[in-house]
Amino acid sequence: MSEKLQKVLARAGHGSRRELEAMIKAGRVSVNGVVAKLGERLEDEDAVIRIDGHTVNAKEENEVICRVLAYYKPEGELCTRHDPEGRRTVFDRLPKIRGSRWISVGRLDANTSGLLLFTTDGELANRLMHPSRQVEREYLVRVFGEVNEQKVKNVTRGVELEDGMARFEDVVYAGGEGMNHTFYVVINEGRNREVRRLWESQETTVSRLKRVRYGDIYLEKSLPRGGWMELNLKDVNYLRELVELRPEKNTMLDLNKDNTSRKRERSRHQKIRRAVKRHEERVSTPKGRSNNPARRKPKKAAGEQSARNKTRR
């Protein structure tokens, strides 16, 4: 039975279906020397498929382990593999892997920070992103403007946006003063700028937005901005079960952590922090100037986590 070309390539680990659909639309994919069209089905298992002129294997690699990374995206980074203007992207600091590639599970806009998942499994990425799966995303959001009970009811009951009805599944007040208010909000789809547009519909402006949860995967307190950590087998299989995929049996992580491996893990986190700091210094320091040691440190996620625990129903 034939399958759509983007589905076959996603299962083989060449990107998410959304990424591959964009490649096909742009004329970057060919089958047996003919430029592919969106919606085309792959009839011949032995067809020669090329992406950007490079031959790719469309057969599923069973020996490739499904891996998932949790990345703390800083504000200012773009969710794209390459930027023609040379701006930083979320792929710049991810670990290099052979025989596969990291696929972003959805995206965050440039001015949004927080948890972003990456996987080597294109089908897992596609299912987690698909609206039919209703996977919850939780955000810490600070808004500027008058917020009353009626406005909160509006955004939880539903608001008509330009691309259809949208709503928050939950809204929890986390404090504030004056015209600044902080909330934890939950949505179960990933439409473009949906959180911002919902608040803007109530004549308020989002001044800060940070994703803190995807499903039951939380942004770890110990993870620095620009840092990443690989999820263990239990968490990987939680995500796979969530979207009805077979469990993964293997992992690249050490399952039997003793005291030595725990020390090694702490050392790894310290190395990540140092690498992140060096990267930030290289990017933010103009040529010919010395680094400014007097930098204001960002607030830690731990404080935000404790604030949420106090305000949760």
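Enumerate the calculated ³J(HN,Hα) couplings along the range 161-170 in order (Karplus 6.51 cos²θ - 1.76 cosθ + 1.60, θ = phi - 60°), each rounded to whole Hz, writing x wherever the residue is Gly or Pro.
Here the 3J(HN,Hα) series is 9, 5, 10, x, 5, 9, 7, 8, 6, 7 Hz.
Given an 8 Å cut-off on Cα distances and at least 6 residues of separation, report the relative contact order of the range 1-81 as a percent.
Once normalised by length, the contact order is 28 percent.
Students often get this wrong, so check it: of Lys96/Lys249; Lys7/Lys96; Lys210/Lys234; Lys37/Lys96; Lys153/Lys234; Lys96/Lys221, which have C-alpha atoms separated by over 29 Å?
Long pairs (Cα-Cα over 29 Å): Lys37/Lys96; Lys153/Lys234.
With a sphere of radius 15 Å drawn around the Cβ of Asp52, what net charge do the other residues whose Cβ falls strictly inside it have (Lys, Arg +1; Asp, Glu -1)?
It works out to a net charge of +4.
Peptides 47-56, 73-82: what's the order by average Cβ count within 10 Å, highest mean first?
Packing order, densest peptide first, comes out as 73-82, 47-56.
With the other protein chains left in place, how much accessible area per residue, in square angstrom, belongs to the range 1-146 at a 1.4 angstrom probe?
50 Å²
Would you compute, for the Cα atoms of the range 174-229, the largest minus smallest coordinate along each principal axis and list the three values in descending order, in whole Å?
So the three principal-axis extents are 38, 28, 19 Å.
Only Cα pairs under 8 Å and at least 6 apart count here; give the relative contact order of the range 58-146 as a rounded whole percent.
The value is 31 percent.
May I ask you to work out the translational diffusion coefficient for the range 100-205 at 20 °C, viscosity 1.002 mPa s, via Stokes-Einstein with Rh from the Kirkwood sum over Cα pairs, reported in whole µm²/s?
After rounding, the answer is 144 µm²/s.
The values are calculated or read from the model by the stated rules, or taken from the named source; none is laboratory data. Because the structure is predicted, anything quoted here is derived from the model rather than measured. Methodologically, a virtual Cβ is constructed for each residue, glycine included, from the backbone with ideal geometry; neighbour enumeration extends over all protein chains shown. All accessible areas refer to the heavy atoms of the entire protein, side chains included, with ligands and DNA or RNA removed. Shrake-Rupley method; radii C 1.70, N 1.55, O 1.52, S 1.80 Å.
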